Amino acid sequence: MPTVGVKRDLLFKALGKTYTDDEFQKLCFEYGLELDEVTTEKQMITKEQGEVDAAKDASEEIIYRIDIPANRYDLLCLEGLVLGLQVFLGNVLFPQFKKLPPASGSPQKLIITEATKQIRPFAVAAVLRDLTFTKDSYNSFIDLQDKLHQNICRKRALVAIGTHDLDTLQGPFTFDAKPPKDIRFVPLNQQKSMDAVELMEFYSTHAQLKTYLPIIRDSPVYPVIYDANGVVLSLPPIINGDHSKIKVETRNVFIECTATDLTKAKIVLDTLVCMFSTYCSKQFTVEYCDVVNPKGEIVQYPELAFRKQVISAKAANAYIGINEAPDSMAKMLNRLLPTTRSSADSDQLEVLIPPTRHDMLHGCDIYEDVAVGYGYNHIPKTLPETAQIARQYPINKLTEQLREQIAQAGFTEGLTFTLCSRDDIASKLNKKIEDLPAVHIANPKTLEFQVVRTTLIPGLLKTLAANRKMPLPLKLFEVSDVVLADQDTEVGARNERRVCAVNCNKTAGFEIVHGLLDRVMQLLEVPWDSKDGYYLKAVDDSAYFPGRCAAILYKGTDIGRIGVLHPTVLHSFELSTPCSVVEFRMEHFV
């Protein structure tokens, strides 16, 4: 769920009313949002960096951080948030966004070449004419692009947005794909001209832009947009050119969105132009552009399509659990979407879906807005009309009972992280990561969380290491899931419930964990028998001391290990006292 930070004073000025923090929090809740935090820029920097000096020059203006639903792209900026709340409060009617031809001359044209099919085949464009930016609205314009890039654009992989000062350029524009050596320009906020190869090397250490380089780096051609004079507008999805950068003084903005997904590109363009057309001299109007595809077909963008959807008031009442007349429901729904009664059927409501509400995919989405208009807190609470008898999942019930019994045997329960580092489950246990059925995190943020654990042992050993000052013996256990890669399953991995216990003392105390295993088997009514029960069989395991490890077999099936840990394993986890361990699977006993 994205979080948007808006300056409180700017927000209240735009709303035309001042609220207390509690009043605004209540308004957000009624509208389906959440006021997450009231803070300042100074407090945020101090919290993130942990240094007061780093924030000494930061502003102390109050900022509201508001949680926005991930599908409400129209609320990711101050302008959209204010418009939504003003319509909800009944202060304004929903605007009619319009696309218009230029006042003089022909529309700006963006020509897509055949070569773009190799890397980024789609593009859309529009012009915001006669804009008046302030410093705050300019910052909001840039911030909305960044929010869209991180959200619907999937970090620019699906869509990349470029905004340019149209007065510094000459149309028509060309969207082409060329070899990296053939693309040369001055990147945004730089002084030196460089080709695309040099640019990739230059930004390989950049804090933000290095994330986007792999999208096109290995391609034989890179996407590029030129104007009629050969000036480079942008190298999507990496960076714009410095020549056409927009400023607070910019009056006319040319917006281009290149994409691998045309639908997403149209949504992004609609959102951008609808939000900031409020600053145009002709409010809520956009100048369309002609986009010429490789087949020579001309398509006008943005679409700004309003579509009509009919819903049943009776169905909405049934789904939500209320009893409102169609007229009353139309009034409630008008607080979020333009709605009228159908002339053909008194039960039907005709809802006009604006181009800012691309989250409206089905009638159920409209029913949700009916509930918001009615007020979630006003919906009467009722008991379900059908009776259901629930029961606990068998494996959960069994393991819950076991936890209590193991605790009564003198062990303390631990609850450790499901994610761990590759070294924790591999090299620290004298194993190779390639030999383990581990599920790897595609883009790990820290070295501590690279894979999903395949054993419970590392978590317990880390807990022991963190409690080395406690008096011995230390006896810990955990009953939790591990995750193993398995190509035979639908998702390529499976959960496995395990019991693991560790005894740490001046002597290894193998008899302690053996006794715990015997107690668990006694509770499970499993006899000591090589055919119909459980028994131990000596095995070699690199994580255990040679000659002091055994496999736990149940009805001939290997279900786990018991033994004394190898000294190198203990050293890897910064432990200096011997440890014995038992770990086995639980699925066989359900």
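The values are calculated or read from the model by the stated rules, or taken from the named source; none is laboratory data. Everything numeric here is computed off the predicted structure, so don't read it as measured data. Methodologically, a virtual Cβ is constructed for each residue, glycine included, from the backbone with ideal geometry; neighbour enumeration extends over all protein chains shown. SASA here: full protein model, heavy atoms, side chains in, ligands and nucleic acids out. Shrake-Rupley method; radii C 1.70, N 1.55, O 1.52, S 1.80 Å.
Listed by chain and number, the aspartates and glutamates whose C-alpha is less than 19 Å from the C-alpha of LYS192, apart from same-chain residues fewer than 8 away, are ASP182, GLU201, ASP242.
The label point for GLN300 and the one for ARG217, both projected 7 Å from the Cα toward the Cβ, are 4.3 nm apart.
With R₀ set to 35 Å, the beta-carbon distance separating LEU447 from GLU60 gives a calculated FRET efficiency near 0.45. Remark: segment 546-590 carries 41 Å² of accessible area per residue (probe radius 1.4 Å; ligands, DNA and RNA excluded).
Length gained on full extension, GLN283 to GLN208, computed as 0.36 nm times the residue gap minus the Cα-Cα distance: 23.6 nm. Distance from the C-alpha centroid of segment 478-495 to that of segment 79-147: 46 Å, rounded to the whole angstrom. About its Cα centre, the dipole of segment 455-570 is roughly 660 debye, where the only charges are +1 on Lys and Arg Cβ and -1 on Asp and Glu Cβ.
Here the chain is assigned +1 on the Cβ of each Lys and Arg and -1 on the Cβ of each Asp and Glu. Its dipole about the Cα centre then comes out at about 440 debye. Cross-link pairs exceeding 31 Å between alpha carbons, from the set LYS17/LYS155; LYS381/LYS445; LYS99/LYS155; LYS42/LYS247; LYS431/LYS475: LYS17/LYS155; LYS381/LYS445.
Need one number: % antiparallel among DSSP beta bridges in the chain, to the nearest 5. Don't jump to the answer; show the numbers that get you there.
Values: 93 of 105 bridges.
Bridges in the chain are about 90 percent antiparallel.
When both segment 512-590 and segment 270-349 are represented by their alpha-carbon centers, they are found 64 Å apart. Accessible surface of the chain, 1.4 Å probe: 50 percent of it comes from carbon and sulfur atoms.
Ranking GLY80, VAL370, VAL513 by Cα position along the charge dipole of the chain, where only Lys, Arg, Asp and Glu carry charges on their C-beta atoms, puts VAL513 farthest toward the positive end. The phi-based Karplus calculation (6.51 cos²θ - 1.76 cosθ + 1.60; θ = phi - 60°) puts the 3J(HN,Hα) values of segment 513-522 at 6, 5, x, 5, 4, 4, 5, 4, 5, 5 Hz, whole numbers, x for Gly and Pro. Segment 285-344: which trypsin sites (Lys or Arg not before Pro) are DSSP loop and have at most 10 other beta-carbon atoms within 10 angstrom? Of the trypsin sites (Lys or Arg not before Pro), the ones in loops of segment 285-344 whose Cβ has at most 10 other Cβ atoms within 10 Å are LYS295.
Considering only the other residues whose Cβ falls under 13 Å of the Cβ of VAL6, what net charge follows from Lys and Arg at +1 and Asp and Glu at -1?
Values: positive: LYS7, ARG8, LYS13, ARG65, LYS147; negative: ASP9, ASP36, GLU37, GLU41, GLU61, ASP67, GLU79, ASP136, ASP143.
That works out to -4.
Listed by chain and number, the lysines whose C-alpha is less than 18 Å from the C-alpha of LYS308, apart from same-chain residues fewer than 8 away, are LYS98, LYS331. Ranked by the mean number of other Cβ atoms within 10 Å of their residues, highest first, the peptides 390-396, 436-442, 25-31 fall in the order 25-31, 436-442, 390-396. Spacing of the modelled spin labels on ASP435 and LYS192, each 7 Å from Cα toward Cβ, amounts to 4.9 nm.
Extension gain, GLU23-THR263: 0.36 nm per intervening residue step, less the Cα-Cα distance, totals 82.6 nm. Taking trypsin sites (Lys or Arg not before Pro) across segment 441-500, the ones in a DSSP loop with at most 11 further Cβ atoms lying within 10 angstrom of their Cβ are LYS445, LYS469. Helix 457-466 and the long axis of the chain differ in direction by around 90°, with both axes built from C-alpha atoms.
Among 541-551, 218-228, 348-358, sorting by the average number of other beta carbon atoms lying within 10 angstrom of each residue, highest first, gives 348-358, 218-228, 541-551. Using the Cβ-Cβ distance between SER346 and ALA318 with R0 set to 22 Å, the FRET efficiency works out to roughly 0.85.
What accessible area per residue, rounded to a whole number of Å², is obtained for segment 318-455 using a probe radius of 1.4 Å? Display every interim value, and only then the final one.
Working: 8490 Å² over 138 residues.
So segment 318-455 comes to 61 Å² accessible per residue, rounded to a whole number.
For segment 222-235, the Karplus equation 6.51 cos²θ - 1.76 cosθ + 1.60, evaluated at θ = phi - 60°, returns couplings of 10, x, 8, 10, 10, 9, 5, 8, x, 6, 7, 7, 7, 10 Hz by residue, with Gly and Pro reported as x. A cut-off of 5 Å between modelled amide H atoms, ignoring neighbours fewer than 5 places along the same chain, links GLU34 with ASP67.
Before rounding to the nearest 500, sum -39500 (n - 2.57) across all DSSP H runs of length at least 4 in the chain and divide by the residue total; then give [θ] at 222 nm in deg cm²/dmol. Mind showing how you got there, number by number?
Numbers: 15 runs with 154 residues, N = 590.
For the chain, the value works out to -7500 deg cm²/dmol.
Hey, can you find the accessible area per residue of segment 67-148 for me, probe 1.4 Å, expressed in square angstrom? Could the numbers behind the result be given before it?
Working: 3450 Å² over 82 residues.
I get 42 Å² per residue for this part.
Going by average Cβ neighbours within 10 Å, how do the peptides 195-208, 366-379, 119-132, 560-573 rank, with the highest at the top? It would help to have the intermediate numbers written out before the result.
On the way: 195-208: 14.4, 366-379: 16.9, 119-132: 21.6, 560-573: 19.8.
Order by mean packing, descending: 119-132, 560-573, 366-379, 195-208.
Backbone phi angles across segment 403-417, fed through the Karplus curve with coefficients 6.51, -1.76 and 1.60 (θ = phi - 60°), yield HN-Hα couplings of 4, 5, 5, 5, 5, 5, 7, x, 9, 9, 7, x, 10, 10, 5 Hz in residue order; Gly and Pro are listed as x. Between THR577 and LEU383, the distance separating the two model label sites (each 7 Å from Cα on the Cα→Cβ line) works out to 5.6 nm.
If you keep only loop residues by DSSP, which GluC sites (Glu not before Pro) in segment 486-541 have at most 10 other Cβ atoms within 10 Å of their Cβ? If you can, show how the numbers build up before the last one.
On the way: sites: GLU490, GLU496, GLU511, GLU525; in loops: GLU490, GLU525.
Those that pass, being in a loop and sparsely packed, are GLU490, GLU525.
Compared with the direct C-alpha span, the chain from ASP182 to ILE142 gains 11.5 nm at full extension, assuming 0.36 nm per residue.
Annotation: amide H of VAL286 within the under-5 Å range of LYS98, LYS99, LEU100, sequence separation 5 or more or interchain, hydrogens built in the peptide plane. Between the helical axis of 363-374 and the longest alpha-carbon principal axis of the chain there is an angle of about 80 degrees.
Pairs exceeding a 28 Å alpha-carbon distance, out of LYS147/LYS462; LYS13/LYS282; LYS13/LYS264; LYS13/LYS266: LYS147/LYS462; LYS13/LYS264; LYS13/LYS266.
Once the Cβ-Cβ distance between TYR535 and TYR393 is put in as r, and R0 is 30 Å, what FRET efficiency do you end up with, to the nearest 0.05?
Details: r = 29 Å, r/R0 = 0.97.
Here the calculated transfer efficiency is 0.55.
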